[in-house]
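Here the structure is laid out as structure tokens; the discussion comes afterwards.
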Amino acid sequence: MLWTAALCLLWASTALAAPAGGARHKVLLISFDGFRWDYDRDVDTPNLDQMARDGVKALYVTPPYLTLTSPTHFTLLTGRYIENHGVIHNMWFNTSSQEKKPYYQTLFVNDWWDNGSLPIWITAQRQGLKAGSLHFPGTASSYQGQVAMVREVEPLLYNYNNETAWRENADKVMGWFRDRDLDFVSLYFGEPDGTGHRYGPDSPERRKMIEQVDRTVGYIRRSAADHRLDDRLNIIITSDHGMTTVYRNGLVREITLRDIPGFSFRDLAFHLVDYGPCGMLLPKPGRLEKVYGALKGAHPHLHVFKKEELPERFRFSRHDRILPLVLLSDAGYVINGYFPVQFNKGEHGFDNQDLDMKALFRAVGPAFRRNLEVGPFETVHIYPLMCHILGIRPELNDGRLSATQHLLVAGGSGGTPGEWTAPWRQPWRRNLARVAVFTLWLETLRPGRKSQSLVSAEEPEPDSGPGHQEVV
Ligand SMILES: [Zn+2]
């Protein structure tokens, strides 16, 4: 009798978790590349403002260091710091052959991306959901042999700022949600990064581009409504990093490594510089101290670290791909190799504590509270938030759901529709499961019944416990 009752309880604790009518929460993760957290302050942005009233706005979010596009986007997809997911730069490189590939070509170097961490598409699909991605960095690669089931990678020389194409992409993604019933899609726009680089973050061109972004936000929300998705679809808009003005026109003494006394490129086996404010060097055997000594203190705005001595807060030391010497410059300065070759008016890649590197965050949908402004948090926490809303178990990651749970309705559950909440999130279900397990255990104590191993019906808490802390 007890046995039967316990099985009934276990059945109830799992069967009742299914969302009514199959109406799960869906998530659309949108990145507007290089959207600095305060870009809406000097531009009229009615659609972003409306989104904040209808949902949640964070003061800003902090990307991981190194604040470059591919590394920070992969943190959004995996919830891991860059030293843990291993996509440490926009450029693939080989220190033996001296080969380097630029951003676009690196998108297609599979083992650069597929090196141990699973993006949320793959995790969602393994747990029975459907995922897609459009232009999001990392989309072109496969992961342990799997890809996002619907995906689109931009062609070489793609025009990233065409507003008509943005609208077509938005409609395409809404079609994926409605007609192919996808649960999660990541959608990438290459602006306002391009305009910020070219004209600088304080330029009228950048302000005009923010107006275009804002119109697109309004278009996306209208498209969601037109596709009858807005009662199920949660939209998160964020970015990978900010942007800061580069000092130009002889205003400052630029950082050019060749001009530094005692420094010689002949002491290096490999170098990665001329890429904004960040650089990495591989000295030849026995030359590390010489190179380090020459660069340390050579310029007041250049900082040089042995990789293991980088302050812990950077979380940028522990991966084998990170070269032994890491260089970074203060905001406004870039690191040149032989001579100045960088002419952008705006740059990123700086210390993620710099306010100019912070990014925007907005979210709206049935899982999110309305008209709520919250303080800053790190973008590494967006991954467990998305997993929670989707009702999937996250992979090992560096984020914490507790950092963002206050953004959600009903104490952090996904809420309506169908009252879908991840099974392990429902306290009453946990209690029911506990009773069932306890009852089964009692049953095993009865004389005559052979002892059996019990598997708890309760799933582990995805956001807590040692299983979700990085172990290196
Ligand atoms: Zn970027």
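Each value in this text was obtained by applying a stated rule to the coordinates, not by laboratory testing. This is a predicted model, so every value here is computed, not measured. Here the Cβ positions follow ideal geometry from the backbone for every residue, glycine too, while neighbour counts run over all protein chains shown.
Points to keep in mind about this one:
- Residues ARG80, ARG393, sorted so that the one with the fewest Cβ neighbours within 10 Å comes first: ARG393, ARG80
- Positive-pole candidate from PRO340, ILE260, MET357, dipole of region 238-374, charges at beta carbon: MET357
- For ASP179 and SER402, the FRET efficiency from 1/(1 + (r/R0)^6), where r spans their Cβ atoms and R0 equals 41 Å, is about 0.70.
- Using a simple spin-label model with pseudo-atoms 7 Å out from Cα toward Cβ, TYR104 and GLN127 lie 3.6 nm apart.
- Packing-based order for 303-310, 116-123, using average beta carbon neighbours within 10 Å, highest first: 116-123, 303-310
- Cβ crowding within 10 Å, taken as a proxy for footprinting-reagent exposure, orders ASP181, ASP240 from fewest neighbours to most as ASP181, ASP240.
- Greater than 21 Å apart at Cα, pairs in LYS284/LYS306; LYS307/LYS358; LYS208/LYS345: LYS307/LYS358
- Among ARG370, ARG198, a tally of other beta-carbon atoms within 10 Å of each Cβ gives an order, fewest to most, of ARG370, ARG198.
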